[in-house]
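Everything below concerns the one structure shown next.
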Amino acid sequence: MLGSAAGGGFPQWNSNGAGCRRARTGDSAAVPRTQTGLAVSHDGERWFLINASPDLREQMGRSPFLHPQIKTPNDGPRHSPVAGVVLTGGDVDVIAGLLTLRERHPFTLHATQRILDVLDDNPIFEVLNRQLVDRRPVALGEPVQLDSDLSVELFAVPGKTPLYLEADDNPAITIDGVTVGAALCDGRATALFIPGCAAMTADLAERVRQAQVVFFDGTLWRDDEMILQGAGPKTGRRMGHMSLSGPEGTIAAFAALDGPRKILIHINNTNPVLLDDSPERAEVERAGWTVAHDGMEIVI
């Protein structure tokens with residue numbers, strides 16, 4: 001886990017919420033987190049980033065496995081183990097880190113055509129030299145080989161248009177490829193990465209049952225959390241996220257889905273599960289969930 005928080009990180013730079021105040025004081029029960037991203041590898045040498053958060057430079061700097069591995073003088077002055085990036089949406093906290101990867105390093109960028117169109121429409125992303133960075137569209141439901149041992153399949157989940165592309169005040173929740181999950185597979189085990197999801201569907205439930213690990217949207221504890229805390233005017237559903245609690249929440253939706261290890265990611269700074277000593281943290285752990293933290297390592 002390169003990062004495990006939602007947009008803004010924890011503590012968020014302009015938040016005076018109780019959790020953020022505790023994190024700034026160095027409270028051991030309020031561990032800081034950067035914005036969500038995952039690095040995955042089958043051999044420990046070639047790494048693929050799942051999403052590119054605005055905190056990517058910091059995340060890579062503290063991850064020695066992503067540092068340049070220059071072994072002989074003939075290798076030249078630049079190198080990176082990063083072989084590719086997979087995007088699961090077009091939100092700022094998913095794509096902004098691509099700008100960190102602009103220093104003439106060759107890699108492959110995988111995303112749905114709709115998300116690639118978002119990048120194509122914004123000239124700032126042309127800093128990624130197209131002669132070096134191959135933008136490859138990924139069709140939903142069709143596994144694509146990242147390397148000889150590892151594949152990714154993108155699949156649609158309920159979500160909404162990125163905030164900066166919204167055309168009205170109340171965009172509909174849709175299942176159309178704007179918000180996707182990623183299924184990572186080596187032919188033996190499968191991990192699901194789903195940082196944004198507005199509802200559980202029958203198709204998604206079946207995928208979860210067949211996976212070994214699922215990283216899932218843990219943005220808010222309750223739907224009106226940000227409103228109650230004075231942090232914003234929107235509900236979780238309005239932002240395209242399930243809440244953890246409640247009869248239609250994530251804990252309830254996963255209660256009957258036996259099998260995978262369950263890890264919460266993309267956790268907003270308002271969510272009390274970020275606090276090790278909160279009743280909400282105890283509740284999610286009793287329900288079989290692990291709250292992700294930056295630097296967490298998972299082997300499957």
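The values are calculated or read from the model by the stated rules, or taken from the named source; none is laboratory data. Note that the structure is predicted; figures quoted are calculated from it, not measured. FYI the Cβ positions are ideal-geometry reconstructions off the backbone, even for glycines, and counts take in every protein chain you see.
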Do we have PHE65 as outside any strand (DSSP E or B), closer than 25 Å to GLY159 by Cβ, aromatic (Phe, Trp, Tyr) and touching a residue at least 24 places away in the same chain (Cβ under 8 Å) here?
-> no
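Looking only at segment 234-253, which residues are touching a Pro at 6+ places or on another chain (Cβ under 9 Å) and not small (Gly, Ala, Ser)?
Going residue by residue through segment 234-253, those that are touching a Pro at 6+ places or on another chain (Cβ under 9 Å) are 238, 240, 242.
Hits for segment 234-253 are ARG238, MET242.
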For GLU206: the one exception among (1) more than 19 Å from the chain's Cα centre (by Cα); (2) at pLDDT below 95 | (2)
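Return yes or no: is PHE193 under 30 Å from ASP223 (Cβ atoms), free of Cβ contacts under 8 Å to residues at least 60 places away in the same chain and aromatic (Phe, Trp, Tyr)? Steps first, please.
Working: under 30 Å from ASP223 (Cβ atoms): yes; free of Cβ contacts under 8 Å to residues at least 60 places away in the same chain: no; aromatic (Phe, Trp, Tyr): yes.
So PHE193 fails the test.
Take the residues in segment 122-131 that are free of Cβ contacts under 8 Å to residues at least 12 places away in the same chain and assigned to a helix (DSSP H, G or I); name whichever of them is surrounded by the most Cβ atoms within 10 Å (Cβ to Cβ).
We begin by selecting, within segment 122-131, every residue free of Cβ contacts under 8 Å to residues at least 12 places away in the same chain; these are 122-123, 126, 130-131.
Next, only the ones that are assigned to a helix (DSSP H, G or I) stay: 123, 126.
On the way: PRO123: 8, GLU126: 11.
By that ranking, first place goes to GLU126.
Buried (at least 24 other Cβ atoms within 10 Å of the Cβ) and either touching a helix residue (DSSP H, G or I) at 6+ places or on another chain (Cβ under 8 Å) or in a loop (DSSP other than H, G, I, E, B) (or both): which single residue out of GLY7, GLY44, GLY97, GLY90 fits that description?
Details: GLY7 fails: buried (at least 24 other Cβ atoms within 10 Å of the Cβ); GLY44 fails: buried (at least 24 other Cβ atoms within 10 Å of the Cβ); GLY90 fails: buried (at least 24 other Cβ atoms within 10 Å of the Cβ).
Of GLY7, GLY44, GLY97, GLY90, the one residue that is buried (at least 24 other Cβ atoms within 10 Å of the Cβ) and either touching a helix residue (DSSP H, G or I) at 6+ places or on another chain (Cβ under 8 Å) or in a loop (DSSP other than H, G, I, E, B) (or both) is GLY97.
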Name every residue in segment 279-300 that is more than 26 Å from GLN59 (Cα to Cα), acidic (Asp, Glu) and in contact (Cβ under 8 Å) with a residue 40 or more places away in the chain, in order of residue number.
-> GLU280
Considering segment 241-300 alone, what residues qualify as being surrounded by 18 or more Cβ atoms within 10 Å (Cβ to Cβ), of a type in the set (Val, Ile, Thr) and out of contact with any helix residue (DSSP H, G or I) (no Cβ under 7 Å at 6 or more places or on another chain)?
-> THR250, ILE263, ILE265
Inside segment 161-187, the number of residues satisfying the requirement of being at pLDDT below 80, surrounded by fewer than 11 Cβ atoms within 10 Å (Cβ to Cβ) and in a loop (DSSP other than H, G, I, E, B) is 5
If you go through ARG104, ARG78, ARG57, ARG114, the only one that is modelled with pLDDT under 95, surrounded by fewer than 22 Cβ atoms within 10 Å (Cβ to Cβ) and closer than 28 Å to CYS197 by Cα is ARG114
In segment 198-227, anything surrounded by fewer than 23 Cβ atoms within 10 Å (Cβ to Cβ), in contact with a helix residue (DSSP H, G or I) (Cβ under 8 Å, 6 or more places away or on another chain) and of a type in the set (A, V, I, L, M, F, W, C) is listed as ALA198, MET200, ALA205, VAL208
Could we say that LEU119 is without any contact (Cβ under 8 Å) to a residue 40 or more places away in the chain, closer than 23 Å to ARG46 by Cα and assigned to a helix (DSSP H, G or I) here?
-> no
